[in-house]
Amino acid sequence: MQVQLTVNGKPVTIDAPPHTLLVQTLREKLRLTGTHVGCDTAQCGACTVMVNGRAIKSCNVLLAQVAGSEITTIEGLAEADGTMHPMQTAFKECHGLQCGFCTPGMVMSAVSLCKQHPGASAGEIREHLEGNLCRCTGYQNIVKAVQQGAAAMK
Ligand code: FES
Ligand code: FES
């Protein structure tokens, strides 16, 4: 099966069997290993990327389902010169991470929320992130980071 899509602004063509997952494509074919695999069963959110601007869990989506789509991974958020996205800066400044395993998924989910709902309250941020689990349990600072990132994205 051949699938064309755009990943972090670059057109790519992938040859892969029909059962290939999006997360396998990103990590194993394109070597974009910032997208993590935690549970592999659509529960932890570590594999979250954006498809056409909306956060999805890439362990739960077949490559074939996103043919022709624009995919953004954590590697595609920063500027070409390395300047971090405002949400990445906010996570750094607010200490919104500990081990960092959940962080790429948290950041992608947060960016997606802020694009759709820039004025989200702390409660709405918590609700939106309920599909992203942090095993270090640093949720307080994650919410603070999303609030700061949202303000910077406005
Ligand atoms: S690895 Fe996809 S939700 Fe956990
Ligand atoms: S920072 Fe360690 S899992 Fe979230």
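The table that follows gives values for the structure above.
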| item | result |
| --- | --- |
| Number of the exception - Gln98 against (1) in the same structural domain as Val143 (by TED's automatic domain parsing); (2) closer than 21 Å to Arg135 by Cα; (3) in contact with a strand residue (DSSP E or B) (Cβ under 9 Å, 6 or more places away or on another chain); (4) among the polar types (S, T, N, Q) | (3) |
| Residue in the stretch 90-111 that is in contact (Cβ under 8 Å) with a residue 60 or more places away in the chain, more than 16 Å from ligand 1 (Cβ to nearest atom), part of a helix (DSSP H, G or I) and loosely packed, with under 15 Cβ neighbours inside 10 Å present | no |
| Inter-residue pairs, beta-carbon under 6 Å, first within 12 Å of Ser112 (Cα to Cα) and in the stretch 39-62, second within 16 Å of ligand 2 (Cβ to nearest atom) and of a type in the set (A, V, I, L, M), 6+ apart | Thr48/Met108; Val49/Met108; Met50/Met108; Ala55/Met108 |
| Test: residue in the stretch 127-136 that is without any contact (Cβ under 8 Å) to a residue 12 or more places away in the chain and small (Gly, Ala, Ser) | no |
| Those residues of the stretch 129-153 which are hydrophobic (A, V, I, L, M, F, W, C) and part of a helix (DSSP H, G or I), in sequence order | Leu129, Ile142, Val143, Ala145, Val146, Ala150, Ala151, Ala152, Met153 |
| Some residue of the stretch 15-30 being surrounded by fewer than 23 Cβ atoms within 10 Å (Cβ to Cβ), on the phi > 0 side of the Ramachandran plot and not in a strand (DSSP E or B) | no |
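The values are calculated or read from the model by the stated rules, or taken from the named source; none is laboratory data. As the structure is a computational prediction, the values presented were derived from the model and not from experiment. All Cβ positions, even for glycine, are placed from backbone atoms using ideal geometry, and neighbour counts span all protein chains on display.
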